[in-house]
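Quick notes on the structure that follows.
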Amino acid sequence: MDDPSQADDFVPAGLASLGIEADEIELAVMNAAKGMFWPPIVELLSLDTSGLEPERCPDLSQAPERP
Amino acid sequence: MSALDLTLRDQAAAIAAGDADPAQLLEETLARIEQRNPAINAVVETFPERSREMLAAAPSGPLHGVPVVIKDEWPLPWRAQRFGAAEMLAPSAPGESGPYRGLRDAGAVIVGVANMHELGAGSTGNLSVYGPARNPWNTERCPGGSSSGPAAAVAARLVVGAVGADGVGSIRFPAAYCGLTGLKPTFGRLPMAGHHMAAVSSTIVSGPLCADAADARLLASSLAGEPFEAGEPRGIRIGIVRDTVSEDVAPAVREACEQAIEALRAETGGEVVEIELADLEAAALATVIIANTESLGNLSPERLNRLDPGLSPIARGLIKFRLLLPAAASVKSHLVRTLMRRRLVNAFEDVDLIAWPTVPAVAPPLEAPLVELPSGVLTADQANVRGAGLANLTGIPSVSVPVGLSDGLPIGLQLQAAWGRDELLLDAAEALERANGRRWVEALSPLAQPETTEA
């Protein structure tokens, strides 16, 4: 995992870069959300989908066509 | 027995046969809401004159004169939806939503707007601008979310039918927590017109919450304007998955669900088949990411810097956090959608249904919505999304059916089927009800007991 100090900076730095203000409680919520979601997001990004042919404009009301 | 305590279909039949007066039923329903609702905060607004006008103009449809409630996610001609929040972050105005039109054209009478989790962003119902709805089985417990009010209203028998919405389990969670049958239909099968996310959401559907599957079938048919025909399921192949969704589950929930699956197998002369369905955790996360990024078009830093202070700090923090999600995660989530849709095509060649617990534990306390699982203590939201996201991600239909009680709180089993096989889900739910002697669909919450509330 990242250096904890860098991880702590992620939320305030990200907000600052977008010009978004946040109070202490909101920051605490976002830090908790980051703690909860970031590890699985990193896992998700690591999922190997290189051989997967994307489904173009999927019709979610139906089964996908076989690639 | 008061007509109030009949099933939805029996109320409709009694009115059609002239055995019940719909005007009297409406007034009795309004009186019951006044009497029972303060304990559960399920209905956040009634409009008796509008309801009487709706009844006066009601056509002789399949729900003629039947009182229902609708989630605060759908606009009505006389009321804009508030989405359970101090502000919605999306345009909102009174109007004829698809579910409103479906109910109106079926002759139903909307008697109230039902509470919901703030901005639809939670599985518990513990946050709302109106204050939380409460679970009629235990008012200190979560009713489930985000369709908290619709579920609590039916579980307390304020009404016998409610319309909710499900973007990441939001019909099925409260159905499970409140002991109801909740249908998340195939994507696009039930009306979405008028929903503020209708043009951009690929996960949200409207759907019914009722006491049992026959009522859910009638309400779904009425919303769709086409019958969800009943069939007799025989030889159903029930798929089970040995994974977190079925194994990291409170023991009582696991036992009740396994017994229900076996009962369904026996009732239909079917078989239970163990199947592989990998990457379910990735699928759940992908659902959350897609659902949370599809609304970002309405947000800008300037807009986020002037959020209504009436929004909860949790909502404000989570809204802002959405803008920090990596774009690559959104793209990857859509690839996971494709991956899981193709895997389901293969799975549904081998099985007719896929079954696992709707939620891994019974309704947690409102004050601390945490659940204790074999893997440890998790927030209810973390735990619940694991089993619910797949249907929203891929578009398949899913239903939660009551299959037991633990510590006086309902347990729900989730059944999922291939695209367009919503009827099979309801057929299977009815078969399971028969197998259980209708024990769990006829179980009444303490607040729904006629003798304790109307003596």
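The values are calculated or read from the model by the stated rules, or taken from the named source; none is laboratory data. Remember, predicted model here, so these are calculated numbers, not experimental data. As a convention, Cβ positions derive from the backbone with ideal geometry for all residues, glycine included, and neighbour counts pool all protein chains shown.
One table, with the values for the structure above:
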item	result
Residue that is farthest from the chain's Cα centre (by Cα), among those in segment A:27-67 that are more than 8 Å from chain B (Cβ to nearest Cβ) and hydroxyl-bearing (Ser, Thr, Tyr)	A:Ser50
Scope segment B:387-419; condition within 11 Å of chain A (Cβ to nearest Cβ), within 15 Å of the chain's Cα centre (by Cα) and in a helix (DSSP H, G or I); matching residues	B:Ala391, B:Asn392
Filter result (in contact with a Lys or Arg (Cβ under 8 Å, 6 or more places away or on another chain) and either within 13 Å of B:Leu324 (Cβ to Cβ) or polar (S, T, N, Q) (or both)) within segment A:5-58	A:Ala7, A:Phe10, A:Val11, A:Leu15, A:Ile20, A:Ala22, A:Glu26, A:Val29, A:Met30, A:Thr49
Residue check for B:Leu323: in contact with a Leu (Cβ under 8 Å, 6 or more places away or on another chain), farther than 30 Å from B:Glu140 by Cα and more than 14 Å from chain A (Cβ to nearest Cβ)	no
Residue list for segment B:148-173, restricted to those being buried (at least 24 other Cβ atoms within 10 Å of the Cβ) and among the charged types (D, E, K, R)	B:Asp166, B:Arg172
Scan of segment B:426-449 for residues that are assigned to a helix (DSSP H, G or I) and farther than 13 Å from B:Thr268 by Cβ, ordered by number	B:Leu426, B:Pro446, B:Leu447, B:Ala448
Count of segment B:177-205 residues which are among the hydroxyl-bearing types (Ser, Thr, Tyr) and more than 14 Å from chain A (Cβ to nearest Cβ)	2
Verdict on B:Leu127 being within 14 Å of another protein chain (Cβ to nearest Cβ), farther than 24 Å from B:Thr29 by Cβ and buried (at least 24 other Cβ atoms within 10 Å of the Cβ)	yes
Residues satisfying the stated conditions in segment B:252-273, i.e. under 17 Å from B:Trp440 (Cβ atoms) and of a type in the set (Val, Ile, Thr)	B:Val253, B:Ile261
Residue in segment B:200-223 that is over 17 Å from B:Leu444 (Cβ atoms) and among the charged types (D, E, K, R) present	yes
Candidate set: segment B:91-107, residues that are out of contact with any Ser or Thr (no Cβ under 7 Å at 6 or more places or on another chain) and either in a loop (DSSP other than H, G, I, E, B) or more than 21 Å from B:Gly161 (Cβ to Cβ) (or both); chosen: the one modelled with the lowest pLDDT	B:Pro91
Selection count where residues are outside any helix (DSSP H, G or I), among the hydroxyl-bearing types (Ser, Thr, Tyr) and under 22 Å from B:Pro48 (Cβ atoms), scope segment B:1-35	1
The lone exception for B:Thr7 - which of (1) surrounded by fewer than 18 Cβ atoms within 10 Å (Cβ to Cβ); (2) out of contact with any Phe, Trp or Tyr (no Cβ under 8 Å at 6 or more places or on another chain) it fails	(1)
Elements of type helices (runs of 4 or more DSSP H) in segment B:202-274, at least 2 residues being on the phi < 0 side of the Ramachandran plot and surrounded by fewer than 16 Cβ atoms within 10 Å (Cβ to Cβ)	B:251-268
Subset of segment A:7-50 that is among the charged types (D, E, K, R) and buried (at least 16 other Cβ atoms within 10 Å of the Cβ) - its residue that is farthest from B:Ser300 (Cα to Cα)	A:Lys34
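Listed here are the residues, each with its yes/no results for (1) surrounded by fewer than 18 Cβ atoms within 10 Å (Cβ to Cβ); (2) at positive phi; (3) aliphatic (A, V, I, L, M).
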position	(1), (2), (3)
B:Phe47	yes, no, no
B:Ala58	no, no, yes
B:Ala85	no, no, yes
B:Gly107	no, yes, no
B:His117	no, no, no
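Okay, residues lined up against (1) over 30 Å from A:Pro64 (Cα atoms); (2) more than 9 Å from chain A (Cβ to nearest Cβ):
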position	(1), (2)
B:Glu302	yes, no
B:Asp308	yes, yes
B:Arg342	no, no
B:Pro369	yes, yes
